[in-house]
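Have a look at the structure below, then the notes.
Read the figures in this text as sums done on the coordinates, not as results from a lab. Source: prediction; values computed, not measured. We place every Cβ from the backbone using ideal geometry, glycine too, and count neighbours over all the protein chains shown.
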Amino acid sequence: MTQPKDFGFNEECAHLKQSAREFFKEKLPTHALHKLVANESDPFRSPDAKWDKKLWQEMIQLGWQSIVVPESVGGVGMPLVAAVALIEEAGRAALPSPLLTTLQSSCVLNACNNNSQNNKSANALLEKIAQGAAVTLALLDKNGSGQSRSVSATKTEQGFVLNGTAYYVQDAAKADYFIVACRGDRPVAPTDCALYAIPCNAPGMKIIADHIVDLTRDQAHIEFDNVILSVGATGRSPLLTEHGESVLKQAEPAILTLLAADMVGAAEWQLQTTVEYARSRVQFDRPIGFFQAVKHPLVDLMLMIDQARALVYSAACAIDHEPESAKLAHSETYAHMAKASACDMAAFASKKSVQLHGGIGFTWECFVHIYSKRQKHSQMLWGDAMFHRSRLADLIL
């Protein structure tokens, strides 16, 4: 193991994290977030994407969407541990934006470059991200599996034709481009897939919003009906790579680590908010935080957050600093551990934050329900704790 003791979390990363915390505290306080995403309690409301586009533009001006995009294509070029620090603060603010999905997509594009030096198509999309484009991943089938592909791509003289449906696409209504995994008619390997970059306004593509519990995100399934992808006048192809499985395997640890970081940040908000309530809520002439039945679960949650955070930064550090010969094995191990730990932590944090707020915790007006719903959605994204422990067992046993 060659990881630095501080996870590579240098002064620049610390400054980014602190700046993000102050930015979200000023621009998106919790009462403003609640007004933005929870202004309608009707369970049959339409699944609209509620987010502050002006705030997203301010984040673009700060360069946050391109933080892991290489400097050679106009990005900031910081290590993944910096992106983890930023996403942790975004999770703490329960930020409704395509920031997380864009950073995850950037990691996939970086993996495309690792597989093929000077990948013009991947670099072209990375350049668009550096310029402010939002990108998300459309990789899963109806069962939520990445092992099979429910979209097919057929090569023609003009380019490619896509048919099928991609499911569980996060922040689809906010994205400018989609990275779509497709099975091909002439795959490099029988079990391989190809990755394509598709603009959100491609003719023949239909984005159908899903009803989800999370108020801070939107999700959709995308239908492709003879969507034609042509090679541009510059010769740049929409095909990112024909080695999709290898690329996604390389990018998966970063995808999981970033999501787990969001969960850690949200749990930190749940803990701090519940602690503040326990100090102010008086029962039997004492603040309820005086009683062991309240204080002990809060201490347990603090320890769970610290454990999950340590695993998240260890995973990011492995991706940043491990030699190529060991990077994938170590980062996979830490990423699965981080996501499993974050899922357990999120479930406990959500349960206790609602419970310890008492009767008010079950009401729509109380802010804790926003975070509980976000955490529940995050638990299921890319596999729950049991799934990742199973994957971890396959790796180490």
Q.
Let me confirm something: among Ala338, Ala342, which residue is out of contact with any Pro (no Cβ under 8 Å at 6 or more places or on another chain), outside any loop (DSSP other than H, G, I, E, B) and either free of Cβ contacts under 8 Å to residues at least 60 places away in the same chain or under 24 Å from Ser246 (Cα atoms) (or both)?
A. Ala338
Q. How many residues are assigned to a helix (DSSP H, G or I) and closer than 13 Å to Glu276 by Cα if we restrict to the stretch 352-369?
A. 3
Q) Would you say Leu328 is in contact (Cβ under 8 Å) with a residue 40 or more places away in the chain, surrounded by fewer than 18 Cβ atoms within 10 Å (Cβ to Cβ) and more than 23 Å from Asp171 (Cβ to Cβ)? A) yes
Q: Output yes when any residue across the stretch 226-247 is surrounded by fewer than 24 Cβ atoms within 10 Å (Cβ to Cβ) and under 21 Å from the mean Cα position of the chain (by Cα), and no when none is.
A: yes
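Would you check which residues across the stretch 66-96 are on the phi > 0 side of the Ramachandran plot and surrounded by fewer than 24 Cβ atoms within 10 Å (Cβ to Cβ) and list them? Quick ask: steps written out before the conclusion?
Step one: filter the stretch 66-96 for residues on the phi > 0 side of the Ramachandran plot, giving 74, 77, 94.
Gly74, Gly77 - these are the residues of the stretch 66-96 that are on the phi > 0 side of the Ramachandran plot and surrounded by fewer than 24 Cβ atoms within 10 Å (Cβ to Cβ).
Could you list, in sequence order, the residues of the stretch 35-45 that are touching a residue at least 24 places away in the same chain (Cβ under 8 Å) and out of contact with any His (no Cβ under 9 Å at 6 or more places or on another chain)? Write out each step before concluding.
Of the residues in the stretch 35-45, the ones touching a residue at least 24 places away in the same chain (Cβ under 8 Å) are 36-38, 41.
Answer for the stretch 35-45, where residues must be touching a residue at least 24 places away in the same chain (Cβ under 8 Å) and out of contact with any His (no Cβ under 9 Å at 6 or more places or on another chain): Leu36, Val37, Ser41.
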